[in-house]
Amino acid sequence: MRKKIQIATVVLVLVAILVSVLWIRDVRSRIHDLPSIMDSGRLSVLTDSSRLGFATKGDSAYGFQYEIVKAFADTLGLELVISEQNDLKSCLKELESGDYDIIANLIPVTTEWNQRALFTKPLMMAKQVLVQRIEDDTTQLPRIKTHHQLAKDSIYIQYNSPFKMRLQHLSDEIADTIHIFEVKNLNTEQLVRLVAEKKIKYTICDEQFARVLKERYPNIDISLPLGFEQQLAWVVHPKSVLLLEKLNAFLDDFIGSSAYWEIYRKYY
């Protein structure tokens, strides 16, 4: 009986090893670099569901990052296959599994992702600002003017947002707790609207986009920066070296061109 159990255990271990090897081989076969992407004729891209990422109105598609990555796909003669995902960690997992070739989100260039992805050339520089509501009634809570006033207060951000790390660092800097609430299935613009509608107190937004939203929601204040300027870029899989080289060459030529500024002015 004991011998049968030992044999069964060995068989199970061997099956587990075989399954693992096959899974790793399958994942590796799905990691696309430029030659296999060109052979497939398709470029698969993830971005967020917003006017800065990808959105639709009727039969029309639009979005700041969508328009830029579409221009890149067009230069290569590739069909653009774009999907929406607001959770950056989920994006990274899907990139690592080979389901997508590029994450076209404005991601702060930090060391956090260095081992798992390659950053492109920066698309822009930006700093994060606190979004808070302007109260007409002077009896309401005073406006936050310094970081220390955020001690023991609450800030709402997207689930798995890159802003979370900045808030954690800020909490250390002021030597007090900042309560961070991560909200699923909402993008930055939707969170800003919730601040304007008095449904949440604070959120965070990139300064350039915050200025755009200030025009739509004049009762928000965006005057308090939460850190220094950071480079914002897209990412590709660590093995997609040739894709990164081609994409960087495109961004070098495109950013600053008249076509780029036409897109930029449309959204900013």
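The values are calculated or read from the model by the stated rules, or taken from the named source; none is laboratory data. Since the model is a prediction, treat every value here as computed from it, not as a measurement. Heads up, the Cβs are rebuilt from the backbone with ideal geometry, glycines too, and the neighbour counts pull from every protein chain shown.
Can you find even one residue in the range 201-223 that is in a helix (DSSP H, G or I) and in contact with a Lys or Arg (Cβ under 6 Å, 6 or more places away or on another chain)?
yes
Could you list, in sequence order, the residues of the range 224-241 that are surrounded by 15 or more Cβ atoms within 10 Å (Cβ to Cβ) and not in a loop (DSSP other than H, G, I, E, B)?
Result: Leu224, Gln230, Gln231, Leu232, Ala233, Trp234, Val235, Val236.
For the range 100-109, state whether one or more residues are outside any helix (DSSP H, G or I), in contact (Cβ under 8 Å) with a residue 24 or more places away in the chain, touching a His at 6+ places or on another chain (Cβ under 7 Å) and buried (at least 16 other Cβ atoms within 10 Å of the Cβ).
The answer is yes; a qualifying residue exists.
When the range 193-224 is examined, which residues are found to be farther than 23 Å from Tyr159 by Cβ and small (Gly, Ala, Ser)?
Across the range 193-224, the qualifying residue is only Ser223.
Give me the residue from the range 225-246 that is modelled with pLDDT of 95 or more and over 18 Å from the mean Cα position of the chain (by Cα) and, out of that set, nearest to Thr146 (Cα to Cα).
Pro225
Restrict the check to the range 47-57 and report whether at least one residue is at pLDDT 90 or above, surrounded by 13 or more Cβ atoms within 10 Å (Cβ to Cβ), part of a helix (DSSP H, G or I) and not β-branched (Val, Ile, Thr).
There is no residue in the range 47-57 that is at pLDDT 90 or above, surrounded by 13 or more Cβ atoms within 10 Å (Cβ to Cβ), part of a helix (DSSP H, G or I) and not β-branched (Val, Ile, Thr).
Filter the strands (runs of 3 or more DSSP E) completely within the range 123-186 down to those with at least 2 residues that are surrounded by fewer than 15 Cβ atoms within 10 Å (Cβ to Cβ).
It comes to 179-183.
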